[in-house]
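See below for the structure under consideration.
The values are calculated or read from the model by the stated rules, or taken from the named source; none is laboratory data. Owing to the predicted nature of the structure, the values given are computational and were not obtained by experimental measurement. All Cβ positions, glycine included, derive from the backbone under ideal geometry; neighbour counts span all protein chains shown.
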Amino acid sequence: MKIVIAPNALKGCLTAAEAAEALARGVARVSADIDIAQVPVADGGDGLTDVLAHALHGVEQTAQVTGPLGDPVTASFCHVPARRLAAIEMATASGLALLTKERLNPLLTTTWGTGELIRAALDLECSHLIIGIGGSATNEGGIGMASALGARFLDGKGDPVEPIGSALAMIERIDLSGLDPRLAAARIEVVCDVDNSLLGERGAARVYGPQKGATPEQISILEAGLAHLAAVIERDLGLDVRHLPGAGAAGGLGAGLTAFLKAELRRGIDLVLDLVELNEQLRGADLVLTAEGQIDFQTAFGKAPAGVAERARISGIPCIAIAGSIGNGLEILHDLGIQAVFSLCPGPVSLEQAMASGGDYLAAVAEQAVRAFLAGRGQLSNSRA
């Protein structure tokens, strides 16, 4: 028998690789004869670089870059020399977690440091860049990122504007002639786990602005600025990014990467599952186990367990999920291919206890889930392996 273990990270508790190890321990208790394939996954949020480093044998690189408010920060990314690939999480350079609540202000934050990380990857001769754009502190359409790579955003006098959200309305011309020439030969894929458009009720400013500290007045300024930027992009670059799914991610960085660097926006889980070669691992498998911290109806919208289950279903393999917290709407997940969802916790426990014992709990539930699966197939002996 072969069981594929493909968990996401349990945020704040276990990395995806640690979760896979815990699940494998539980499965091994059932029988030493089970062939276990560990395939940690990610959906584009936290943990993307860790998963790819584990799957592709990458190494961590660090760089001193400009933080979201101009302070120097040390950011890291995953480098896979054998593939000339770099995986970058923009949040390490331009993320919300880099600022205290008192310093949040999307009118003043910039993605300049993300551009510096991209340049650092190019310096390592990477020709394939994977950029995760979750967790941003910014709302400036990616003009900081592009400026750090040689683009110029000019006002009516021909002077460069400051690459921050409050300056978007001042841009009158976009000049990409100075863009780093190495970008022309690079393949850039953007890991995007949301499909929000750039503007409107589901746009960058109105949906994500408040969590970045924006007041209602500032949201109006940012919305108008992004609308103006989109108009200049269409006029100068011939691309309409207003309704592009995912353009509103990371305060419009999705739109900026597409318009300025000709990047491709991809659903995060699809990109990751291709890179870790899940389809190949599924060959000959009898069962798939996946896991995540929270599983509910929202899991269906591009989250890791749903992506894993979809591929398992296509291959005709049952999938069982384990979650730290189980919410409503699991019916939609059953339709996607998750046959059952088990709770991580053995009973009423505090969050602190669940976090501290997450690995042990995960192993215990994995064992019982596999025993139930085998019992249903009449394959479980009465002896413990």
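Out of 184, 146, I need the residue that is closer than 21 Å to residue 223 by Cα and either of a type in the set (Gly, Ala, Ser) or not assigned by TED's automatic domain parsing to the domain that holds residue 209 (or both). Which one?
Exactly one residue qualifies, and that residue is 146.
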Checklist line | Number of the exception - residue 256 against (1) assigned to a helix (DSSP H, G or I); (2) surrounded by fewer than 20 Cβ atoms within 10 Å (Cβ to Cβ); (3) not β-branched (Val, Ile, Thr) | finding: (2)
Notebook entry, point to check: List pairs: first in segment 216-227 and assigned by TED's automatic domain parsing to the domain that holds residue 171 and in contact (Cβ under 8 Å) with a residue 40 or more places away in the chain, second surrounded by fewer than 20 Cβ atoms within 10 Å (Cβ to Cβ) and of a type in the set (Ser, Thr, Tyr), Cβ under 7 Å, 6+ apart or cross-chain?
Noted result: 221/166
Check: So is residue 195 buried (at least 16 other Cβ atoms within 10 Å of the Cβ) and modelled with pLDDT under 95 or not?
Finding: yes
Notebook entry, point to check: Looking at (1) in a strand (DSSP E or B); (2) out of contact with any helix residue (DSSP H, G or I) (no Cβ under 8 Å at 6 or more places or on another chain), can you tell me which one residue 190 breaks?
Noted result: (2)
Notebook entry, point to check: Just checking, which of 231, 214, 227 is more than 14 Å from residue 146 (Cβ to Cβ), assigned to a loop (DSSP other than H, G, I, E, B) and aliphatic (A, V, I, L, M)?
Noted result: 214
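Please go through segment 193-208 and pick out each residue that is touching a residue at least 24 places away in the same chain (Cβ under 8 Å) and part of a loop (DSSP other than H, G, I, E, B). Walk me through it before giving the result.
Filtering segment 193-208 down to residues touching a residue at least 24 places away in the same chain (Cβ under 8 Å) leaves 193-199, 202-205, 207-208.
Those that are touching a residue at least 24 places away in the same chain (Cβ under 8 Å) and part of a loop (DSSP other than H, G, I, E, B): 193, 194, 195, 196, 197, 198, 199, 202, 203.
Here are 223, 189: which of them is closer than 24 Å to residue 102 by Cα and charged (D, E, K, R)? Write out each step before concluding.
On the way: 189 fails: closer than 24 Å to residue 102 by Cα.
After applying the criteria, what remains is 223.
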Check: Do you know which residues across segment 345-369 are aliphatic (A, V, I, L, M) and modelled with pLDDT of 90 or more?
Finding: 362, 363, 364, 365, 366, 369
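Residue under question is residue 146, and the condition is that it be without any contact (Cβ under 8 Å) to a residue 12 or more places away in the chain, assigned to a helix (DSSP H, G or I), within 26 Å of the chain's Cα centre (by Cα) and within 29 Å of residue 42 (Cβ to Cβ); does it hold?
no
From the set of residues in segment 120-130 that are in contact (Cβ under 8 Å) with a residue 24 or more places away in the chain and in a helix (DSSP H, G or I), which is nearest to residue 42 (Cα to Cα)?
121
Search segment 265-318 for residues being at positive phi and at pLDDT below 95, and hand back the single one that is farthest from the chain's Cα centre (by Cα). Explain how you work it out, then say what you get.
Step one: of segment 265-318, the residues at positive phi are 277, 284, 302, 316.
From what is left, the residues that are at pLDDT below 95 are 277, 302.
Working: 277: 17, 302: 10 Å.
Here the answer is 277.
Does residue 263 count as in contact (Cβ under 8 Å) with a residue 12 or more places away in the chain, in the same structural domain as residue 219 (by TED's automatic domain parsing) and closer than 22 Å to residue 47 by Cβ? Break it down stepwise before answering.
Values: in contact (Cβ under 8 Å) with a residue 12 or more places away in the chain: yes; in the same structural domain as residue 219 (by TED's automatic domain parsing): yes; closer than 22 Å to residue 47 by Cβ: yes.
It is true that residue 263 is in contact (Cβ under 8 Å) with a residue 12 or more places away in the chain, in the same structural domain as residue 219 (by TED's automatic domain parsing) and closer than 22 Å to residue 47 by Cβ.
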Next item on the list: Considering (1) at pLDDT below 90; (2) more than 17 Å from residue 289 (Cα to Cα); (3) out of contact with any strand residue (DSSP E or B) (no Cβ under 7 Å at 6 or more places or on another chain); (4) among the charged types (D, E, K, R), say which one residue 43 fails and leave the rest.
Entry: (2)
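The rows are residues; the columns are (1) at pLDDT below 95; (2) closer than 24 Å to residue 313 by Cα; (3) surrounded by fewer than 20 Cβ atoms within 10 Å (Cβ to Cβ); (4) of a type in the set (Phe, Trp, Tyr).
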site: 3; (1), (2), (3), (4): no, yes, no, no
site: 32; (1), (2), (3), (4): yes, no, yes, no
site: 47; (1), (2), (3), (4): yes, no, no, no
site: 58; (1), (2), (3), (4): yes, no, no, no
site: 64; (1), (2), (3), (4): no, no, yes, no
site: 111; (1), (2), (3), (4): no, no, no, no
site: 116; (1), (2), (3), (4): no, no, no, no
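Taking the criterion of being assigned to a strand (DSSP E or B) and either touching a Gly at 6+ places or on another chain (Cβ under 7 Å) or outside the structural domain of residue 10 (by TED's automatic domain parsing) (or both), would at least one residue in segment 109-119 satisfy it? Break it down stepwise before answering.
Step one: list which residues in segment 109-119 are assigned to a strand (DSSP E or B), which gives none.
Checked segment 109-119: no residue is assigned to a strand (DSSP E or B) and either touching a Gly at 6+ places or on another chain (Cβ under 7 Å) or outside the structural domain of residue 10 (by TED's automatic domain parsing) (or both).
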Margin query: Return the pair list, or none, for Cβ contacts closer than 8 Å from residues in segment 341-368 that are farther than 22 Å from residue 308 by Cβ to residues that are loosely packed, with under 13 Cβ neighbours inside 10 Å, at least 6 apart or on different chains.
Written below: 355/12
Check: Which condition number does residue 123 fail, the rest of (1) closer than 27 Å to residue 306 by Cβ; (2) out of contact with any helix residue (DSSP H, G or I) (no Cβ under 6 Å at 6 or more places or on another chain) being met?
Finding: (1)
